[in-house]
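Enquirer: Here it is, the structure, as structure tokens.
A short reminder: the numbers here are calculations on the coordinates, not readings from a lab. Because the structure is a prediction, the values reported are computed rather than measured. When we count neighbours, we look across all protein chains shown, and the Cβ atoms used for this are built from the backbone with ideal geometry, even at glycine.
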Amino acid sequence: MKAVGLIDFGGPDVLEILDLPDPVAGPGQLLLRIHAAAVNPTDALIRSGTHVKMFGRTAPPPYVPGMDAAGVLIGIGEGVETDLKIGDHVMAFIAPNGSYGAYSEMLAVPANSVVKAPRGFSHVEACTILMNAMTARVALDTLALTPGSTVLVTGAAGTFGGYVVQLAKEDGLVVIADASEADEPAVAGFGADLVLRRGDDLTDRVREHFPDGVDGAIDGALFNERLAPAVRDGGTVITLRMHSGEAEREVKLAPVRSKLHSEDREKLDELRRLAEEGKLTIRVVATYPKEAASDAHRRLDRGGLRGRLVLEF
């Protein structure tokens, strides 16, 4: 089979088409023919080698990025009990390691990482849901705020941030979000109760509205410690990219690792249901053939995306 991967870490140009052995569905696995894979910022961390600095090297090259895939179920491994059938359109949350990644024509994955694609969704649309939405779900579950509590969401115009806003509203939270002037209508459309202009003085403006600070924050914009002044004493800021520690007033910085939940099928299927009901906004910016993966990563590296790029296989 063909996959998009790399031998040596680096910029977008290190991505190449690889010939890898066709996978088979082993015990407890499902075999997928992948038609679309989302291009996420985490994929750039794998490509650049940053993930090795964060987690250590766990497998030899080649490395195949990709955490989000959609396609067709073509094989069921021994011992798998599933409601899925051969030929079903499905989506999967991939926890990549070495040559195991979503940028592949075929993949054998743990059965609990796979759910049906939402009815009426294309492969391109379906592949943009699970990783970001599960990360948002785990972030909110880690905060464990009660309905009516206040949560600040930074980077709310991005895919992850948008899902956080929408899932927080499903949880009954009061959502304060940041946005540029151009993004304000979209973020308000996700359901944010208060939209504040993005910028380095965001924490000051949060305190103008909430003098004691919000109950918690989810930091999609990578403010890290700089977001702590917006949170009440002893509160928590959920961070990305494994940033942890404790800031002023015992405000905790708690990293979220969604890949540890890649086989939580109950939550994955709940996210499918919400997408099917129109409660998660799907945004695809552009699609690329697998041969143009380097172009997709160059566009990703420029930033400013309001949705996901997708590779088609």
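Enquirer: Modelled label-to-label distance, Phe55 and Met1, 7 Å Cα→beta-carbon offset: nm?
Expert: Once both label points are built, they end up 1.9 nm from each other.
Enquirer: Could you check which residue among Glu81, Glu184, Glu270 shows the biggest mean-square fluctuation in a GNM of the chain with a 10 Å Cα cutoff?
Expert: Evaluated over the chain, the most mobile residue of the options is Glu81.
Enquirer: Here's something else I'd like to know. Tell me which GluC sites (Glu not before Pro) from the range 274-313 have a DSSP coil assignment and no more than 15 other beta carbons within 10 Å of their own. The partial results should precede the final answer.
Expert: Values: sites: Glu276, Glu277, Glu291, Glu312; in loops: Glu277.
Answer in residue order: Glu277.
Enquirer: What spacing in nm lies between the two simple spin-label points modelled at Asp201 and Met242, each 7 Å away from Cα in the Cβ direction?
Expert: Distance between the two pseudo-spin positions: 3.7 nm.
Enquirer: Most mobile of Arg265, Arg283, Arg249 per a Gaussian network model of the chain (Cα springs, under 10 Å)?
Expert: Of the options given, Arg249 has the highest mean-square fluctuation.
Enquirer: Using only Cα atoms, locate the centre of the range 235-277 and the centre of the range 2-35, then give the distance between them in Å, rounded to an integer.
Expert: Each part reduced to its Cα centre gives a spacing of 27 Å.
Enquirer: Rounded to the nearest 20 debye, what is the charge dipole size of the range 237-312 about its Cα centre when +1 sits on each Lys and Arg Cβ and -1 on each Asp and Glu Cβ? All intermediate terms of the calculation are to be shown ahead of the outcome.
Expert: On the way: 17 positive and 14 negative charges, 54 e Å.
In debye, rounded to 20, the range 237-312 gives about 260.
Enquirer: Please compute the length gained on full extension between Lys279 and Glu266, using 0.36 nm multiplied by the number of residues separating them and subtracting their Cα-Cα distance.
Expert: 2.9 nm is the gain from fully extending Lys279 to Glu266.
Enquirer: Please arrange Ser262, Ser48, Ser244 by counting, for each residue, the other beta carbons lying within 10 Å of its beta carbon, fewest first. Write out the running numbers ahead of the final one.
Expert: Values: Ser262 21, Ser48 18, Ser244 10.
Taking fewest neighbouring Cβ atoms as first place, the list is Ser244, Ser48, Ser262.
Enquirer: So for His123, His297, His261, fewest C-beta neighbours within 10 Å to most, what's the order? Spell out each step's value before the answer.
Expert: On the way: His123 21, His297 25, His261 18.
Ordered from fewest to most neighbouring Cβ atoms within 10 Å, His123, His297, His261 come out as His261, His123, His297.
Enquirer: Using a 10 angstrom cutoff on alpha carbons, build the Gaussian network for the chain and name the most mobile of Ala292, Ala275, Ala168.
Expert: Ala292
Enquirer: For the chain, with only Lys/Arg (+1) and Asp/Glu (-1) charged at the beta-carbon, what is the dipole magnitude about the Cα centre, in debye rounded to 20? Before the final figure, lay out the partial values.
Expert: Details: 33 positive and 44 negative charges, 67 e Å.
Here the size comes out at about 320 debye.
Enquirer: Right, something else. For the chain, what is the mean residue ellipticity at 222 nm derived from helices alone (per DSSP H run of n ≥ 4: -39500 (n - 2.57); sum divided by total residues; nearest 500 deg cm²/dmol)?
Expert: Details: 9 runs with 81 residues, N = 313.
It comes out at -7500 deg cm²/dmol, rounded to the nearest 500.
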